[in-house]
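Data first, discussion second: the structure below is written as structure tokens.
The values are calculated or read from the model by the stated rules, or taken from the named source; none is laboratory data. On a predicted model such as this, the values are computed, not experimentally measured, just so you know. No Cβ is skipped: glycine too gets one built from the backbone with ideal geometry, and neighbour counts run over all protein chains shown. What goes into the accessible areas is simple: the full protein's heavy atoms, side chains included, and nothing from ligands, DNA or RNA. Shrake-Rupley method; radii C 1.70, N 1.55, O 1.52, S 1.80 Å.
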Amino acid sequence: MRRFWLKLHRWLALALALPLLVVALLGSSLVVLKPLDRWLNAELFSVPAGAAAPDLLERTRQILRAEFGPGASFVLRPPREPGESLRATVRGTPWEGFVHFDPRDGRELGRRGEREGAFNFVFELHSSLLMNETGKPLLAVLALAYAVLLVGGLVLWWPKRWKQGFALVLDRGLLRGLFDLHRTGGAVLGLLIAVPVFSGAYMAWKPIPQAVTSIAGQVPLAPPNVSAGEGARPPVALDMLVATARARFDGAPAGYIAVPAVGAKPVRVRLILADDPHPNGLTSVWMHPLTGALLRVDRWNELDAGARANSVIYPLHTGELGGLALEVVNALLGLALVLLGVAGLWLWWLRRRPEKQRPPRGRRDLAKV
């Protein structure tokens, strides 16, 4: 069995280590790129503090609808702090990206494509490998590969004497140093690294939360249906819809407002409740896009099991659950995975060299492992 795990660990790493390490490195870099992007593009994200226009959301919807047409859908992120701009995500059109508005008067501040700019490009590469929905199952495969590598690594590391299990000798040659770094570092950090790896796969691939819901004996919640036959009447002002949704929860702030294509789906207002650990809020108020009628209310802690888990899994993956400290820890874990992978690949390469060209091993039985 030890020989089996050794071969499986080695060849799976050789096959999938590179994309796994790239995704991990990109995730770590996002911790730095996010604030850097906001600083370098302050004209998009920051405005002078002032009262928002009372019809800001409806004005924004009309501007976007006039430019992008009835087939486009938008997700609006209202300002959450004084001095923030309003950001609109545009989908379902030849151009997809982000448009920023001044909340005081609805004036456009600028726009960027969904892959324009370092942060947006790296985020898309990290979250979907630049392949949209096609890339997300591949991320789940990488997470599964890491699980197998972790199990195999722990089997190979498991010591007969625990004192030797955590040995780290760095002064007896390159081969011995790489061996100890890869073996001991993987055993010590492997389970911690698994947290961002598996949480990322959970968010990336929808069948995983759907499976969790099924195991819990529940049915995933689908958006409510929009009744037809309302005619060509103008829609209720978006600001009024959001005010009605917020009133259901004592004026809780709105995290996002999803505005569908004309007549396609209900308007979804996501609210940030005080007891919700998700930074963007998972409580949803669904409203008819034309009449403004309340269709359904889904509180975050009453969602199906798979969706409810996102309230913790998302901020755990991004680090927002623990503030700046957890963000830094997650970034360091991503870098640790890269270093472990590089050490393992380097160790494999050194061992393939002829005996006389290898650096000193440091102990006799190293070549047998």
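Listed by chain and number, the aspartates and glutamates whose C-alpha is less than 12 Å from the C-alpha of Lys206, apart from same-chain residues fewer than 8 away, are Glu133. Using θ = phi - 60° in the Karplus curve 6.51 cos²θ - 1.76 cosθ + 1.60, the 3J(HN,Hα) couplings for segment 276-282 round to 8, x, 6, x, 9, x, 10 Hz; x is entered for Gly and Pro. With the simple spin-label model, which puts each label point 7 Å out from Cα in the Cβ direction, the Val22 to Val219 separation comes to 4.2 nm.
The Cα atoms of segment 1-104 cover 69, 33, 21 Å along the three principal axes, with the biggest extent listed first.
Within the same chain, aspartates and glutamates fewer than 8 places from Lys265 are excluded, and of the rest, those with a Cα less than 15 Å from its Cα are Glu230. For the chain, the longest principal axis of the C-alpha atoms and the axis of helix 56-68 are separated by about 80°. Computed from backbone phi with θ = phi - 60° and the Karplus coefficients 6.51, -1.76 and 1.60, the 3J(HN,Hα) list for segment 201-214 is 5, 4, 6, 6, 10, 4, x, 5, x, 5, 5, 4, 5, 5 Hz; x is used for glycine and proline.
Charge dipole of segment 226-333 (Cα centre as origin; +1 on each Lys and Arg Cβ, -1 on each Asp and Glu Cβ, all else neutral): 360 debye, rounded to the nearest 20.
Zone of Leu335 (label point 7 Å along Cα→Cβ, backbone N under 20 Å): which residues in segment 160-197? Within reach of a label on Leu335: 178, 181-197. Overall dimensions of segment 233-282, expressed as equivalent-ellipsoid semi-axes from the Cα gyration tensor (√(5λ), whole Å, largest first), are 22, 13, 6.
The mean accessible area for residues of segment 87-195, using a 1.4 Å probe and ignoring ligands and nucleic acids, is 51 Å² per residue.
What you get for the chain, charging only the Cβ of Lys and Arg (+1) and of Asp and Glu (-1), is a dipole of about 2560 debye around the Cα centre. Sequence-distant contacts, meaning Cα pairs under 8 Å at least 6 residues apart, place the relative contact order of the chain at 19 percent. Histogrammed with a bin width of 20 Å, the alpha carbon distances of the chain distribute as 24, 49, 21, 6, 0 percent, first bin at zero. Surface composition of segment 96-193: carbon plus sulfur atoms hold 65% of the accessible area, using a 1.4 angstrom probe and ignoring ligands, DNA and RNA. Projecting the Cα atoms of Tyr202, Ile272, Trp157 onto the charge dipole of segment 122-274, computed from C-beta unit charges around the Cα centre, puts Trp157 farthest toward the positive end.
Along the axis of the charge dipole computed for the chain (Cβ charges of +1 for Lys and Arg, -1 for Asp and Glu, origin at the Cα centre), the listed residues Pro253, Ala336, Ala88 are led at the positive end by Ala336. Can you bin segment 264-356 into rounded, prolate or oblate? Criterion: square roots of the alpha carbon gyration tensor eigenvalues sorted a ≥ b ≥ c, rounded for a/c under 1.5, prolate for a/b above b/c, oblate for the rest. Note, shape of segment 264-356 comes out prolate. Residue ranges 211-223, 111-123, 191-203 sort as 191-203, 111-123, 211-223 when ordered by packing (mean number of other C-beta atoms within 10 Å per residue, highest first).
Within the same chain, aspartates and glutamates fewer than 8 places from Lys160 are excluded, and of the rest, those with a Cα less than 19 Å from its Cα are Asp180, Asp365.
At a threshold of 8 angstrom on Cα-Cα distance, excluding pairs fewer than six apart, so keeping six or more, what relative contact order does segment 239-320 reach in percent? Relative contact order here is 21 percent.
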